[in-house]
Amino acid sequence: MAQAYTPGLKVTEGMKIQKIRRLPLEGEVTVESGMKVKAEDVVAKSELPGNVQLLNLANLLSVPPDEIEENLLIPVGNDVSKDEIFASTKGLFGLFKSQVRSPIDGTIESVSDVTGQVILREPPIPVEIKAYTDGSVIETVPNEGVVVETFGTYIQGIFGVGGETIGTLAIVTDQPNDELTPEQIMPEHKEKILVGGSLVTTDAIQAAIEIGVNGIIAGGIDDADLRQLLGYELGVAITGSEQLGITLVITEGFGSISMAERTFSLLKKREGMKTSINGATQIRAGVVRPEILIPLVSEDVDTDSETQVGMLDIGSPVRVIREPHFGKLGHISELPVELQQLETEAEVRVLQVEFDGGEKVTLPRANVEAIEER
């Protein structure tokens with residue numbers, strides 16, 4: 001049977017999922033291999049060095065640089081509070097003293113008898129890495145992090161913004177082609193992950209932020225709404241670090257595109273369950289997809305048959321990623337081996353896609369992506 005390979009998205013009802021949870025710098029791993037963890041549990045922690053502030057103490061005290069240290073009231077290496085006097089001259093008969101107060105809470109890190117400067121360092125910034133999903137720790141890397149494994153539903157999106165967040169899944173729209181409107185977002189949706197249909201607008205996102213919704217999953221978003229939300233034109237860099245107060249996962253693309261029926265049905269089946277999402281996206285080299293991860297209590301979904309990522313054969317579900325059929329879903333009906341000439345006179349490998357309505361079109365293989373299902 002003819003087969004082909006193409007980049008694809010996972011839409012998987014049940015599979016084993018491993019997530020690497022790593023610190024940005026060396027620290028302490030707080031769990032052990034074999035432990036059960038909740039998504040909210042801290043599995044590793046560290047501290048980033050605080051910011052530094054430089055003060056020219058020699059100028060402030062009007063003394064030579066080599067006399068700074070003898071005018072310190074608090075020794076190097078000790079803590080100092082904001083507005084606390086930490087350096088002072090002796091003055092004349094105890095009068096006319098020059099004094100310097102600390103502009104921050106922090107530590108006196110060092111002084112220089114050459115430049116006359118003192119370095120004050122702010123308190124360290126704590127960094128905590130959470131498990132992100134309910135599961136088991138299957139591996140620990142000393143001082144770096146852990147690998148957490150879980151069994152659950154896993155769905156990849158096309159695009160997203162915002163980082164990792166966790167909440168209870170709530171279906172807001174009745175159909176996958178319904179638009180998510182501000183009126184549908186209620187106070188009881190606070191801290192939940194909402195599932196919309198074909199489009200989420202800026203107004204709906206702003207309403208969700210005001211209520212305290214943790215995340216939104218929808219079929220599409222208008223690029224103008226995205227610019228308005230971010231306040232700038234999104235470039236090609238990786239997303240996920242935006243401070244919006246909410247995480248968005250777009251499953252289909254830009255514009256009013258209905259969420260795939262199979263994706264919407266699967267999410268509807270998981271309503272009320274704890275869900276982890278991450279909007280981080282990179283569409284260039286080193287592709288990163290936004291994701292939806294829903295841990296299951298029991299492994300009651302058949303996962304015996306392994307599917308090779310990106311493998312296409314007759315009957316494989318695909319999504320078209322180029323105009324004029326952008327966003328349409330269908331399945332492979334033919335996989336010709338021979339090269340075929342396009343209108344541009346380029347010769348490429350093609351495939352035939354049959355859409356849900358029965359229409360068949362022949363497309364370059366590069367114009368589709370596989371939808372991996374289990």
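At a glance:
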item: Selection status of residue 281, touching a residue at least 12 places away in the same chain (Cβ under 8 Å) and over 19 Å from residue 371 (Cα atoms); result: no
item: Tabulated pairs, the range 29-41, first touching a residue at least 24 places away in the same chain (Cβ under 8 Å) and over 11 Å from residue 137 (Cα atoms), second of a type in the set (Asp, Glu) and not in a strand (DSSP E or B), C-beta under 8 angstrom, 6+ apart or interchain; result: 29/144; 39/134
item: Subset of the range 178-206 (residues that are of a type outside the set (A, V, I, L, M), part of a strand (DSSP E or B) and free of Cβ contacts under 8 Å to residues at least 60 places away in the same chain); result: 192
item: Of all residues in the range 157-172 being modelled with pLDDT under 95 and crowded, with 21+ Cβ neighbours inside 10 Å, the one that is nearest to the chain's Cα centre (by Cα); result: 162
item: Qualifying residue in the range 176-189 (condition: polar (S, T, N, Q) and touching a helix residue (DSSP H, G or I) at 6+ places or on another chain (Cβ under 7 Å)); result: yes
item: The range 31-45 - residue that is under 20 Å from the mean Cα position of the chain (by Cα) and small (Gly, Ala, Ser) and, of those, farthest from residue 214 (Cα to Cα); result: 44
item: Single residue of 130, 97, 36, 45 found to be touching a Leu at 6+ places or on another chain (Cβ under 9 Å) and of a type in the set (Lys, Arg); result: 45
item: Any hit, the range 241-249, residues being crowded, with 21+ Cβ neighbours inside 10 Å, within 30 Å of residue 296 (Cα to Cα) and at pLDDT below 95; result: no
item: Number of the exception - residue 119 against (1) closer than 12 Å to residue 53 by Cβ; (2) surrounded by 20 or more Cβ atoms within 10 Å (Cβ to Cβ); (3) touching an Asp or Glu at 6+ places or on another chain (Cβ under 7 Å); result: (2)
item: Residue count, the range 242-268 (criterion: basic (Lys, Arg) and either free of Cβ contacts under 8 Å to residues at least 12 places away in the same chain or in a loop (DSSP other than H, G, I, E, B) (or both)); result: 0
item: Conditions (1) surrounded by 18 or more Cβ atoms within 10 Å (Cβ to Cβ); (2) over 20 Å from residue 10 (Cβ atoms): number failed by residue 188; result: (1)
item: Matching option when the condition is out of contact with any Cys (no Cβ under 9 Å at 6 or more places or on another chain) and closer than 30 Å to residue 137 by Cα, among 212, 160, 220; result: 160
item: Boolean, residue 209 is more than 24 Å from residue 263 (Cα to Cα), among the hydrophobic types (A, V, I, L, M, F, W, C), touching a residue at least 40 places away in the same chain (Cβ under 8 Å) and surrounded by fewer than 18 Cβ atoms within 10 Å (Cβ to Cβ); result: no
item: Yes/no for residue 147 being out of contact with any His (no Cβ under 8 Å at 6 or more places or on another chain), of a type in the set (A, V, I, L, M) and more than 30 Å from residue 22 (Cβ to Cβ); result: no
item: Residue, nearest to residue 189 (Cα to Cα), within the range 207-235, restricted to residues that are part of a helix (DSSP H, G or I) and among the acidic types (Asp, Glu); result: 210
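Every residue, every condition in (1) within 30 Å of residue 149 (Cβ to Cβ); (2) acidic (Asp, Glu); (3) in contact with a helix residue (DSSP H, G or I) (Cβ under 9 Å, 6 or more places away or on another chain), yes or no:
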site: 41; (1), (2), (3): yes, yes, no
site: 48; (1), (2), (3): yes, no, no
site: 65; (1), (2), (3): no, no, yes
site: 68; (1), (2), (3): no, no, yes
site: 72; (1), (2), (3): no, no, yes
site: 80; (1), (2), (3): no, no, no
site: 83; (1), (2), (3): no, yes, no
site: 86; (1), (2), (3): no, no, no
site: 107; (1), (2), (3): no, no, no
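The values are calculated or read from the model by the stated rules, or taken from the named source; none is laboratory data. All values reported here derive from a predicted model rather than from experimental measurement. Here Cβ is always computed from backbone atoms with ideal geometry, including for glycine, and neighbour counts include all displayed protein chains.
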